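Quick notes on the structure that follows.
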Amino acid sequence: MIERSHHDMGGLPAGKVERSEHDYAQWERRVDALMVLLSGIKGPKKLLTVDELRKNIEALGPEAYDKMSYYERWVTSITQSMIQRGVISTEELARKMVEVERRDG
Amino acid sequence: MSELGKYAPLTYFQLMEVSLRELLVEKGVVSDAEVDAVATDMKTRGPERGAKVVARAWTDPAYKQRLLADGTAACEELGLDVPALRLVVVENTPEVHNVIVCTLCSCYPRMLLGLPPDWYKSREYRSRVVREPRAVLAEFGTAIPDEVAIRVHDSTADMRYLVLPLRPADTEDWSEQRLAGIVTRDSMIGVAPAKAA
């Protein structure tokens, strides 16, 4: 018997469905747009597959998975996929995040 | 959100988004214009495309047959692009009510309905709708009589479902366009009926 992974929640007990909705923030839409463009849903690029996106979301620990919002999981996963594919490096990302935080943070 | 004219600092993940995007732009992988164009397109995309498909199926029996046989091709017939996906349309009847979910993540017919609502992606909906759909639908104010079977369809990355809701009574003389106006997102997910009022 394979142990059920954290994201695999179909059929498990859970609380009442809260009919929550929010209008997505622009940064969330941009994360979505990066997925659409990198995966070639729009345009010619084939730098990300939906399976990679899911794999790297599912690789988040249960605690992180629950704590993070939907597009927080996505941006983490897309970034991880770009590092795994060698499109960007962890060093470049670390440098850039420091730079952006100083500039915009 | 800004408060008293002061911008809140970026969260860690917003910082990650800006950084990732700027690196990809610097490397020529994407351009800011492309990202903005796609983000804006999703913002304007609601359930109108899905509603158009449903209204056509309600008014054109031959189209409905084609839609149920091959959802992707039938959407393309209306000029709606369903990129690289198999779309399966499931028809509500007086005997069967259909509802869609993605238990593993958040797969959704976004090309027809826009981005999914938060509750569709929630642990509560994903966990429970496959086990106790009648109870979950009741929480949406949708009472399905016991004699009506409920079928729950679990979407995948490669295959999306769309519910073809029942056409409300007393809409026989309505135009296709007027009908499209009453086809809601929730009726195409299957958590609510389409209503004439």
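The values are calculated or read from the model by the stated rules, or taken from the named source; none is laboratory data. Not measured: the values here are computed from a predicted model. We place every Cβ from the backbone using ideal geometry, glycine too, and count neighbours over all the protein chains shown.
Which one of B:L87, B:L67 is assigned to a strand (DSSP E or B), touching a strand residue (DSSP E or B) at 6+ places or on another chain (Cβ under 8 Å) and either surrounded by 22 or more Cβ atoms within 10 Å (Cβ to Cβ) or without any contact (Cβ under 8 Å) to a residue 60 or more places away in the chain (or both)? Please lay out each step first, then the result.
Working: B:L67 fails: assigned to a strand (DSSP E or B).
Sole residue among the options that is assigned to a strand (DSSP E or B), touching a strand residue (DSSP E or B) at 6+ places or on another chain (Cβ under 8 Å) and either surrounded by 22 or more Cβ atoms within 10 Å (Cβ to Cβ) or without any contact (Cβ under 8 Å) to a residue 60 or more places away in the chain (or both): B:L87.
Which of the residues that make up region B:106-131 are assigned to a loop (DSSP other than H, G, I, E, B) and buried (at least 16 other Cβ atoms within 10 Å of the Cβ)? Walk me through it before giving the result.
Residues of region B:106-131 assigned to a loop (DSSP other than H, G, I, E, B): B:106-109, B:114-117, B:122, B:129-131.
Within region B:106-131, B:S106, B:C107, B:Y108, B:P109, B:G114, B:L115, B:P116, B:P117, B:S122, B:V129, B:V130 qualify.
Filtering region B:127-167 down to residues that are more than 16 Å from the chain's Cα centre (by Cα) and of a type in the set (G, A, S), which residue is farthest from the other protein chains (Cβ to nearest Cβ)?
B:A149
Sort out which residues of region B:95-105 are in a strand (DSSP E or B), over 16 Å from the mean Cα position of the chain (by Cα) and among the hydrophobic types (A, V, I, L, M, F, W, C), and write them in order of number. So that I can check it myself, show each step before the final result.
Narrowing region B:95-105 to residues in a strand (DSSP E or B): B:96-101.
Pick out the ones that are also over 16 Å from the mean Cα position of the chain (by Cα) and you get B:96-97.
Across region B:95-105, the qualifying residue is only B:V96.
Conditions (1) within 10 Å of the chain's Cα centre (by Cα); (2) modelled with pLDDT under 95, marked per residue:
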| residue | (1), (2) |
| --- | --- |
| A:S20 | no, yes |
| A:D23 | no, yes |
| A:A59 | no, yes |
| A:D66 | no, yes |
| A:S69 | yes, yes |
| A:E91 | no, no |
| A:E99 | no, no |
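Determine, yes or no, whether B:D170 is at positive phi, exposed (fewer than 15 other Cβ atoms within 10 Å of the Cβ), in contact (Cβ under 8 Å) with a residue 12 or more places away in the chain and over 14 Å from the mean Cα position of the chain (by Cα).
Numbers: at positive phi: yes; exposed (fewer than 15 other Cβ atoms within 10 Å of the Cβ): yes; in contact (Cβ under 8 Å) with a residue 12 or more places away in the chain: yes; over 14 Å from the mean Cα position of the chain (by Cα): yes.
Taking the combined requirement at face value, the residue satisfies it.
Return the residues of region A:7-36 that are among the small types (G, A, S), at the interface with chain B (Cβ under 7 Å from one of its Cβ atoms) and outside any helix (DSSP H, G or I); say none if nothing qualifies. Walk me through it before giving the result.
Step one: list which residues in region A:7-36 are among the small types (G, A, S), which gives A:10-11, A:14-15, A:20, A:25, A:33.
If we keep only those that are at the interface with chain B (Cβ under 7 Å from one of its Cβ atoms) as well, we get A:10-11, A:14-15, A:20, A:33.
The answer is A:G10, A:G11, A:A14, A:G15, A:S20.
Filter region B:27-51 for residues that are more than 9 Å from chain A (Cβ to nearest Cβ) and more than 30 Å from B:E91 (Cα to Cα); which is surrounded by the fewest Cβ atoms within 10 Å (Cβ to Cβ)?
Restricting attention to region B:27-51, the residues satisfying the condition of being more than 9 Å from chain A (Cβ to nearest Cβ) are B:28, B:31-33, B:44-51.
From the residues that got through so far, the ones that are more than 30 Å from B:E91 (Cα to Cα) too are B:28, B:31-33.
Details: B:G28: 7, B:S31: 12, B:D32: 12, B:A33: 9.
Going through the qualifying residues, I end up with B:G28.
Being within 7 Å of chain A (Cβ to nearest Cβ) and part of a loop (DSSP other than H, G, I, E, B) is the filter; apply it to region B:9-26 and report the residue that is farthest from A:M97 (Cα to Cα).
Among those that are within 7 Å of chain A (Cβ to nearest Cβ) and part of a loop (DSSP other than H, G, I, E, B), it is B:P9.
What are the pairs with Cβ atoms under 7 angstrom where one residue, in region B:142-156, is assigned by TED's automatic domain parsing to the domain that holds B:E95 and surrounded by 16 or more Cβ atoms within 10 Å (Cβ to Cβ) and the other, located anywhere, is assigned to a strand (DSSP E or B) and polar (S, T, N, Q)? Sequence gap at least six, or different chains.
Taking only residues 6 or more apart or on different chains, the pairs are B:H153/B:N98.
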